[in-house]
Amino acid sequence: MSDHAWRLLRYFRLFRLFCGALEIVFGTIIMDFVMRGSLKDLLSTYDFVQQRLHLYFVLCGKIERFGKRMESVAMFVKMFTVGLMETNCFLVGDLKAEEAMVIDPGFDKASEAERILGEIGRSKFRVKYIVNTHGHPDHTGGNKTLKDATGAPLLIHELDAPMLEHTVPDKILDEGDVLELGEAKLRVLHTPGHSPGSVTLLATDSVFVGDTLFAGSMGRYDLPGGSLEQLMNSIKTKLLVLPDSVKVFPGHGPATTIGEEKRNNPFLQDFFQP
């Protein structure tokens, strides 16, 4: 859940308490006047106001309960565009559990590292994982800086691990692995094509795809270890089978959805020909 959603939920909780207190105080005052034989004509007004206050109280309670359900499944996601290649680095976490991961720290400037570390501090996160969706330098350049600053383990698929410079992975990712952040769970999908060890991280209603799929485009396959056949198969069998509503966070460019790419991505239309 985002910072704004958390603040809004807190405001609703405070408003609910205010309505409950106001209902009691207002009722006590009006009934005191009534018992003394004055302002009897306001009794109907009191009933009207009391009904409205009670309605607001109940409504805020329902919103609060909905917010609590959302707390258990919704994730904090913040994107930082970093490096010469304008890579999307993601801070993903569970605010309630105060656990987070950093996906693709491709920054190459101290100021970019400070932005990410600053957000980690403000959100009171403990970084549980550093994840590389693949091993290209524009997605891994800040691995050492982030690892030194947080002490978090570095995770990457074994086929891309040899690409890493200055760092050694602490854990190898494989198809089906599950990374937990509090109540949030992200499942690892092996999606080769852009590189042999490219992976995707699938959450409940969003997916972090690295350079496999972009808004209106798809990843390159002409780099060492790349394969058009593998890339298209990864997109078709691992990504396009997801619900249309799933939000796609790519390694470069804006976010999109699976449905949007099914409808409008020119590189994928052959999949949907009658």
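The values are calculated or read from the model by the stated rules, or taken from the named source; none is laboratory data. What you are looking at is a predicted structure, and each value in this text was computed from that prediction instead of being measured. Cβ placement follows ideal geometry from the backbone for every residue including glycine, while neighbour counts extend to all protein chains displayed.
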Number of positions in segment 121-169 that are in contact with a Leu (Cβ under 9 Å, 6 or more places away or on another chain), small (Gly, Ala, Ser) and either touching a residue at least 40 places away in the same chain (Cβ under 8 Å) or buried (at least 24 other Cβ atoms within 10 Å of the Cβ) (or both): 3
Residues located in segment 164-188, provided they are part of a loop (DSSP other than H, G, I, E, B), of a type outside the set (Val, Ile, Thr) and out of contact with any Ser or Thr (no Cβ under 8 Å at 6 or more places or on another chain): His166, Pro169, Asp170, Asp174, Glu175, Gly176, Asp177, Gly182
Flag if Val241 is modelled with pLDDT under 95 and assigned to a loop (DSSP other than H, G, I, E, B): no
Residues (in contact with a helix residue (DSSP H, G or I) (Cβ under 9 Å, 6 or more places away or on another chain), in a strand (DSSP E or B), among the hydrophobic types (A, V, I, L, M, F, W, C) and surrounded by fewer than 22 Cβ atoms within 10 Å (Cβ to Cβ)) located in segment 77-90: Phe80
Search result, residues across segment 201-242 that are touching a Lys or Arg at 6+ places or on another chain (Cβ under 7 Å), among the small types (Gly, Ala, Ser) and either surrounded by fewer than 18 Cβ atoms within 10 Å (Cβ to Cβ) or free of Cβ contacts under 8 Å to residues at least 40 places away in the same chain (or both): Gly226
Any hit, segment 120-130, residues being part of a strand (DSSP E or B), in contact with a helix residue (DSSP H, G or I) (Cβ under 9 Å, 6 or more places away or on another chain) and of a type in the set (A, V, I, L, M, F, W, C): yes
Filter result for the condition that a residue is touching an Asp or Glu at 6+ places or on another chain (Cβ under 8 Å) and crowded, with 22+ Cβ neighbours inside 10 Å, over Ser195, Ser245: Ser195
Glu261 being out of contact with any His (no Cβ under 7 Å at 6 or more places or on another chain), assigned to a helix (DSSP H, G or I) and either surrounded by 18 or more Cβ atoms within 10 Å (Cβ to Cβ) or not assigned by TED's automatic domain parsing to the domain that holds Thr87 (or both): yes
